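The values are calculated or read from the model by the stated rules, or taken from the named source; none is laboratory data. All of these numbers come straight from a predicted model, not from anything done at the bench. Here the Cβ positions follow ideal geometry from the backbone for every residue, glycine too, while neighbour counts run over all protein chains shown. Calculation scope for accessible area: heavy atoms of the full protein, side chains included, ligands and nucleic acids excluded. Shrake-Rupley method; radii C 1.70, N 1.55, O 1.52, S 1.80 Å.
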Amino acid sequence: MIKEQYAVAIVGCGGMGGGHAIAIASGTGNAIWNTNAAQGTFWKGNMHTDIANKLRLAGVYDIDPVRQQWAAERGFHNYDSFEAILADEAVDIVLIATPNHLHHEEAIASLRAGKHVLCEKPVTPTSGELDEIIRVAKETGRVFYPRQNRRWDEDYLISKKIYDENLVGQVFNIQCHVQGSRGIPGDWRGMKAYGGGMMLDWGVHLLDRLLIMIPEKIKKVFCSLTHIKNDEVDDGFKMHMTFESGLTADIEVGTCHFLRLPLWVIAGNNGSAHIDNWSCEGKMARLKSWDDKDASPILAGAGLTKTMAPRQENSVEILPLPSVEFDNNELYSNLVDTINGTAAQIVTNEQALRVLKLMEAAFKSAKEGIVVNFE
Ligand code: NAD
């Protein structure tokens, strides 16, 4: 049955769940907030389709009285328990925003109660758990939707455009470096039993986007984890992947970097692109001609080099990064359209499963110190 508007109940009303609550209750899909859990602008896009006609907030449930109070102060209905959400016939969609280890059990219970599910990333810490959810979603005929929202990040969409449109020629290497200096957060993210660690936290976003950007098989994976401030889970990692065509990608997440590398480095056979930061400052250098006969050697450290001498201005042009248009509410909208059967699911469960399997290959590589063949 197609509905005009679907009622959403959120389980886990912390930083992310609280943001969703404000975004959905406001009808804008956007939340500018300043709370105990987090502060800032929830997300930014250059197009915002209204979601008020698609979703409404039925209420939230959080075990923490502080978060219950936070919700009450904003006029949100507090459910007494997770079971109360499942028992509420008015609820169509359960939005899961609890710590990672709870997603599997909550998703299955929600689907079995006849609810659709929008689940925060990583949908589950292991691929086996997601396999089971997919089976139950099929059995119950309900939609399970992984919230891989960073496919709508401006820096990613610019990188994808550079790759798709060969703006620096044929790309042979892509690097994405996400670096901070505050260590892994001291909450559940630092604990294995809660599905903590930076691979499951940021890695899941970066790998999801990379696999969408490069529609190829991956042949080899090599990964090393860091444990600079946390022995229990990875507080960062470096991962090198070789795709079928020979293209390579390097993904790095670090939490102990006091100076940052560019967010993206894209190398093509006709140019290079750097995106320096999340404000999308950066540039492209594009080759005008391989010939650069006037190049003379430069001093490089204690020796001379001609190979690494900078190019003359007439053989390369410096260009601004391309711009992109995107709608940050597309994921919310697509969830509803998927439920209504009027659109195909953009973030599919099979894609989420492939990412989880790739992370498992990365963990195996890191543990055994080997290159892992993938797919
Ligand atoms: P958080 O710690 O701020 O919030 C989690 C909340 O869940 C807390 O308020 C906690 O009290 C509550 N909770 C714990 N156990 C519960 C239970 N059994 N029943 C009900 N509530 C319970 O964490 P967060 O940063 O909001 O992360 C939550 C989820 O959102 C995680 O899966 C995380 O990976 C994801 N997340 C996604 C993004 C994104 O960009 N998509 C960003 C941040 C977090």
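Suppose we filter the range 91-108 for residues that are within 23 Å of M198 (Cα to Cα) and away from the ligand (no atom under 11 Å from the Cβ); how many remain?
First pass over the range 91-108, keeping only residues within 23 Å of M198 (Cα to Cα): 95-107.
Add one more test, that the residue is away from the ligand (no atom under 11 Å from the Cβ), and what stays is 104, 107.
Summing the residues that are within 23 Å of M198 (Cα to Cα) and away from the ligand (no atom under 11 Å from the Cβ) in the range 91-108 gives 2.
Selection of the range 125-151 for residues being open to solvent by less than 30 Å² (accessible area, probe 1.4 Å) and near the ligand (Cβ under 10 Å from one of its atoms) yields P146, R147, Q148.
Selection over the range 207-243 of residues that are out of contact with any Cys (no Cβ under 6 Å at 6 or more places or on another chain) and either not in a strand (DSSP E or B) or not assigned by TED's automatic domain parsing to the domain that holds F172 (or both) gives a count of 19.
Restricting the range 187-200 to residues that are within 11 Å of the ligand (Cβ to nearest atom) and open to solvent by 20 Å² or more (accessible area, probe 1.4 Å), which is farthest from M359 (Cα to Cα)? Filtering the range 187-200 for residues that are within 11 Å of the ligand (Cβ to nearest atom) and open to solvent by 20 Å² or more (accessible area, probe 1.4 Å), the one farthest from M359 (Cα to Cα) comes out as D187.
Considering only residues in the range 220-260 that are free of Cβ contacts under 8 Å to residues at least 24 places away in the same chain and not aliphatic (A, V, I, L, M), the one that is surrounded by the fewest Cβ atoms within 10 Å (Cβ to Cβ) turns out to be D231. How many of the residues making up the range 1-27 are open to solvent by 60 Å² or more (accessible area, probe 1.4 Å) and in contact (Cβ under 8 Å) with a residue 60 or more places away in the chain? Going through the range 1-27 one residue at a time, the tally reaches 3.
Taken across the range 265-280, residues that are in contact with a helix residue (DSSP H, G or I) (Cβ under 8 Å, 6 or more places away or on another chain) and either of a type in the set (S, T, Y) or assigned by TED's automatic domain parsing to the domain that holds G114 (or both) do not occur at all.
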